[in-house]
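First the structure, in the form of structure tokens, and then the observations on it.
The values are calculated or read from the model by the stated rules, or taken from the named source; none is laboratory data. Everything numeric here is computed off the predicted structure, so don't read it as measured data. Cβ placement follows ideal geometry from the backbone for every residue including glycine, while neighbour counts extend to all protein chains displayed.
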Amino acid sequence: MHKYRLMINPYAIENWVNDMACQGWHLKKFTWIRFTFERGEPGSHIYRYDELERFGTDYEEDYLEFLQSSGIEQVNRSGNFVFFRKAVQEGPFELFTDKKTRIGNLSKKMTILLSLILLNLIIGITGLIGDFSNQTADWIGFTLNSLNLIVVVLFSLPLYKLMRVRNLLKKELDVFSD
Amino acid sequence: MTQEHPPLTEGVYYILLALYEARHGYGIMQLVEEMSNGRVRLGAGTIYGAIKTLLERGWIVALDEDGRKKEYIITETGKSVIEYEILRLRELFDNGIRITKGVE
């Protein structure tokens, strides 16, 4: 079965992939938009996502081997995005248990989203002004620049959600060491 | 107050303790879980990140690779960090017991 979702907020995607697994649909392959599921035992595995770029190329193989030797199965990889899974009976499965790494990962994700939002906002607004500055309106330009603004709207909610998660973690760090 | 070493995170403390004997990543994970009676479960990504940092600081070293899994062991510098941390924990513990008159 194929399903289509935009990988804007990977944390939301991870939750969704786990919900699917609970219903007996296990992730097999994915791209940034298309997800392929296969029928399996409901709730038999926990799925986790990770992005590899922070380790750089020379660490990448080493990191993946490390995870594998820890009994973690690599489901599929698409660019820097990787999905892993582990059987439920082997206990709880989290890749990152320390808040600092989680805050760091969230910050990186937020920086990317924020740059995309700002870029589209600037192109969208300056474009729209240009489209209507001549005697005849440029309707093709108007459509394209409207798309820029749709991207802004589409990315803003995930950015806000990531920001909330990060702020909660930061608040906990005020009292708890990790 | 000046401190020779700032407090260690629970994860780093237990990873260093686990490496008083040579172990690979998964071995560290299992021992830490066992020592803390299942309370501390370190994620593989977190352990990997911590190992990289501890190697850079010279608190642990990687042993020559034997087969597929890489093993690590604590260095003398790492041991002195742990010893300092134990003194700090003892101070926290002693003060806690003295003021609360002990737990139960």
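Within the range A:149-175, being free of Cβ contacts under 8 Å to residues at least 40 places away in the same chain and under 18 Å from A:Asn120 (Cβ atoms) holds for A:Leu149, A:Ile150, A:Val151, A:Val152, A:Val153, A:Ser156, A:Leu157, A:Tyr160.
Here the condition is being crowded, with 16+ Cβ neighbours inside 10 Å and either more than 14 Å from every other protein chain (Cβ to nearest Cβ) or in contact with a Ser or Thr (Cβ under 6 Å, 6 or more places away or on another chain) (or both); of A:Ile33, A:Ile8, A:Ile72, it holds for A:Ile8 alone.
Just give me the residues in the range A:36-57 being buried (at least 19 other Cβ atoms within 10 Å of the Cβ) and farther than 20 Å from B:Gly45 by Cα, in sequence order. Answer for the range A:36-57, where residues must be buried (at least 19 other Cβ atoms within 10 Å of the Cβ) and farther than 20 Å from B:Gly45 by Cα: just A:Phe37.
In a residue-by-residue description of the range A:121-136, the property of being surrounded by 15 or more Cβ atoms within 10 Å (Cβ to Cβ) and either assigned by TED's automatic domain parsing to the domain that holds A:Trp16 or assigned to a loop (DSSP other than H, G, I, E, B) (or both) applies to no position.
For B:Ser36, state whether it is out of contact with any strand residue (DSSP E or B) (no Cβ under 9 Å at 6 or more places or on another chain), of a type in the set (Gly, Ala, Ser) and in contact (Cβ under 8 Å) with a residue 12 or more places away in the chain. Spelling it out, B:Ser36 is indeed out of contact with any strand residue (DSSP E or B) (no Cβ under 9 Å at 6 or more places or on another chain), of a type in the set (Gly, Ala, Ser) and in contact (Cβ under 8 Å) with a residue 12 or more places away in the chain.
On the given criteria, is A:Leu52 within 12 Å of chain B (Cβ to nearest Cβ), in contact with a helix residue (DSSP H, G or I) (Cβ under 6 Å, 6 or more places away or on another chain) and of a type in the set (A, V, I, L, M)? The answer is yes for A:Leu52. Of the set (1) assigned to a helix (DSSP H, G or I); (2) closer than 22 Å to B:Thr9 by Cβ; (3) within 14 Å of another protein chain (Cβ to nearest Cβ); (4) not aliphatic (A, V, I, L, M), all apply to A:Asn167 but (3).
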